[in-house]
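Beneath this line is the structure, given in structure tokens, with notes to follow.
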Amino acid sequence: MIDVYRPVTYNPDMAEIPSAEKVKHSAWFECVRGCGGKYSLKEIMYTCPNCGSLLQVAHDMDSLRSKTPDEWKQLFEERKHSNHWPYGSGVWGKRELVCPVVDDENVVSMYEGESNLFWADRLAKKVGLRDLWIKLCGNSHTGSFKDLGMTVLVSVVKQMISEGAQIKAVACASTGDTSAALASYCAAGDIPSIVFLPKGKVSMEQLIQPIANGALVISLNTDFDGCMNIVKEITKDKEIYLANSMNSLRIEGQKTVAIEMVQQFDWDVPDVVIIPGGNLGNVSALGRGFMMMEDLGLITKRPRIVVAQAESANPLYLAYKTGFKEFHSVTARKTLASAIQIGNPVSVWKAIDILNQFDGVVEQASEQELVDACALADNTGMYTCPHTGVAFAALLKLMKKGVIEKDHKTVVISTAHGLKFSGFKLQYHMNKLKGIESHYANTPVEIDANIDSVKKIIDGHIGGL
Ligand SMILES: *Cc1c(COP(=O)(O)O)cnc(C)c1O
Ligand SMILES: [Zn+2]
């Protein structure tokens with residue numbers, strides 16, 4: 001047995017929490033198409049053995065319904081920001097709804113989630129909305145929402161290893177943020193990791209993260225979709241566990257973003273949620289989070305879900321234009337929103353299924369639109385990653401089209417921390433982005449350290465002081 005020490009701050013109000021664990025809820029993998037089999041979450045499998053479709057995690061909802069909605073809400077409130085391992089994590093604070101098969105000592109968590117949801121009043125006024133909120137998922141351990149799913153996947157792997165499974169390493173293909181999260185969580189859990197990155201297509205910060213965390217970093221001369229093909233082959237060897245979002249354990253962790261957001265609104269549901277989409281796991285997760293809350297009676301309405309794609313990698317947008325009658329993968333072209341530069345999204349059918357149930361909309365943004373949207377938001381105090389820029393640009397376009405109206409309470413899911421993508425911002429403000437006009441450039445002024453020249457510059461910029 002592994003012996004771990006975890007600091008526990010004693011809080012008499014928390015004394016009840018461990019007993020909540022006495023009720024064991026169960027969950028299993030099943031085919032998204034309903035082929036019928038039930039498989040253990042500790043089984044090494046990613047697709048249905050019968051039809052080859054993706055799997056999803058199913059929960060014993062009857063058992064979960066043994067608590068009333070108010071009891072769930074109270075439990076989640078008590079766990080919020082707690083130091084009682086592992087409940088301070090936004091994901092493990094909802095563990096019964098996420099993954100009930102991991103023992104406390106096998107949870108690998110860096111207290112991800114519980115990210116801020118803030119009222120973006122100045123940006124709202126600029127774009128003409130009454131009530132705009134930003135869910136800042138990039139304020140997490142490795143700087144993106146990928147932490148929410150990775151804590152679950154790596155914890156299940158640790159549980160499996162503790163029960164004797166032969167797993168030598170965990171591997172993923174990545175557009176940069178998945179690999180950062182995988183490398184970090186594997187390092188924390190003492191499990192080797194392998195990451196496949198498309199050469200030259202991730203930011204410097206994203207590249208250095210898995211290197212620093214000791215992963216085997218393999219840079220391939222291809223794009224994300226090419227890396228995905230390689231990792232699928234490599235993980236046919238069951239001793240190398242696959243960590244891409246086709247592994248639905250990650251979706252379970254990521255779905256807590258919906259629950260957390262609604263909890264932060266005192267269990268009120270917004271009208272519209274906008275989310276940037278690439279491989280489309282996250283929008284599937286978002287929808288699942290809302291459905292599960294509805295199923296447990298925690299909420300009674302659904303938001304409208306908007307997926308925002310880069311015009312250079314827009315297969316879902318094109319499918320949306322056909323009313324989802326057709327889907328064709330595309331070859332993704334280069335985009336500054338590099339984490340969503342994906343032409344053949346693995347979770348496309350899960351995403352379409354969710355969009356059909358959430359009055360879904362798909363919008364796209366050009367490179368010019370996404371950089372300008374970033375600059376506009378940054379000018380109100382944010383520091384947006386390019387994917388969040390795609391979401392903001394979609395918001396502006398949908399307001400113009402009248403799809404999102406002034407009174408709609410709208411949440412934009414910001415998927416990564418802007419500091420992982422400073423390179424493109426610097427180029428934008430220096431007017432150096434090829435093919436882009438820097439409409440909101442704020443170029444730093446370089447002059448001699450002479451008081452008169454400095455005064456002249458200030459007068460010209462701010463007006464007479
Ligand atoms: C992974 C990622 C996305 C896209 O999420 P999918 O689940 O692939 O649709 C968007 N933004 C950032 C910053 C990401 O890292
Ligand atoms: Zn099947």
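The values are calculated or read from the model by the stated rules, or taken from the named source; none is laboratory data. Values in this document were obtained by computation on a predicted structure and should not be read as measured data. Cβ coordinates were reconstructed from backbone atoms using ideal geometry, including for glycine residues, and neighbour counts include every protein chain displayed. Each accessible area value is taken on the protein alone, full model and side chains, heavy atoms only, with ligands, DNA and RNA left out. Shrake-Rupley method; radii C 1.70, N 1.55, O 1.52, S 1.80 Å.
Which whole-number percent is the relative contact order of region 211-349 (Cα, under 8 Å, 6+ apart)?
24
What distance in nm separates the simple spin-label points at Asp407 and Met204, each placed 7 Å from Cα in the Cβ direction?
5.0
Which value in nm describes the separation of the simple spin-label points at Asp237 and His439, placed 7 Å from the Cα toward the beta carbon?
5.1
Using alpha-carbon positions, what is the distance between the centroids of region 392-410 and region 176-250, in Å?
Here the answer is 36 Å between Cα centres.
Can you flag which of Lys201/Lys397; Lys80/Lys125; Lys301/Lys409; Lys199/Lys236 are past 25 Å Cα-Cα?
Lys201/Lys397; Lys80/Lys125
If a paramagnetic tag sat 7 Å from the Cα of Asp295 along the Cα-Cβ line, which residues of region 30-48 would have the backbone N under 17 Å from that point?
Backbone N within reach: 30-41.
How many angstrom lie between the C-alpha centres of region 33-89 and region 302-330?
When both Cα centres are located, 28 Å separates them.
Taking amide H atoms as placed 1.01 Å from N in the peptide plane, list the residues 5 or more away in sequence, or in a different chain, whose amide H sits under 5 Å from that of Val108.
Hits under the 5 Å cutoff: Ser155.
Anything over 32 Å Cα to Cα? Flag those among Lys350/Lys434; Lys146/Lys238; Lys232/Lys425, in the order listed.
Lys350/Lys434; Lys232/Lys425
Taking all protein chains together and a probe of 1.4 Å, list Trp28, Trp92 from the most accessible to the least accessible.
The ordering from most to least exposed comes out as Trp28, Trp92.
So how tilted is helix 69-79 from the main axis of the chain? Cα-based, degrees 0 to 90, rounded to 10.
70
Which whole-number percent is the relative contact order of the chain (Cα, under 8 Å, 6+ apart)?
Here the relative contact order equals 14 percent.
Mind checking the angle between helix 224-234 and the chain's longest principal axis? C-alpha axes, 0 to 90 degrees, to the nearest 10.
With rounding to tens, the tilt is 20 degrees.
Counting only helical runs of four or more DSSP H residues, what would the 222 nm mean residue ellipticity of the chain come to if each run contributes -39,500 (n - 2.57) and the total is spread over all its residues?
It lands at -11000 deg cm²/dmol.
What full-extension length gain, to one decimal in nm, is calculated for Glu43 and His328 as 0.36 nm per residue of separation minus the Cα-Cα distance?
Between Glu43 and His328, full extension yields an extra 99.5 nm.
Given a 1.4 Å probe and heavy atoms of the protein chains only, how would you sort Asp177, Asp104, largest accessible area at the top? Display every interim value, and only then the final one.
Working: Asp177 5, Asp104 65 Å².
Ranking Asp177, Asp104 by accessible area, largest first, yields Asp104, Asp177.
Does anyone have the angle between helix 386-400 and the longest principal axis of the chain? Alpha-carbon axes, 0 to 90°, nearest 10?
Helix 386-400 and the main axis of the chain meet at about 70 degrees.
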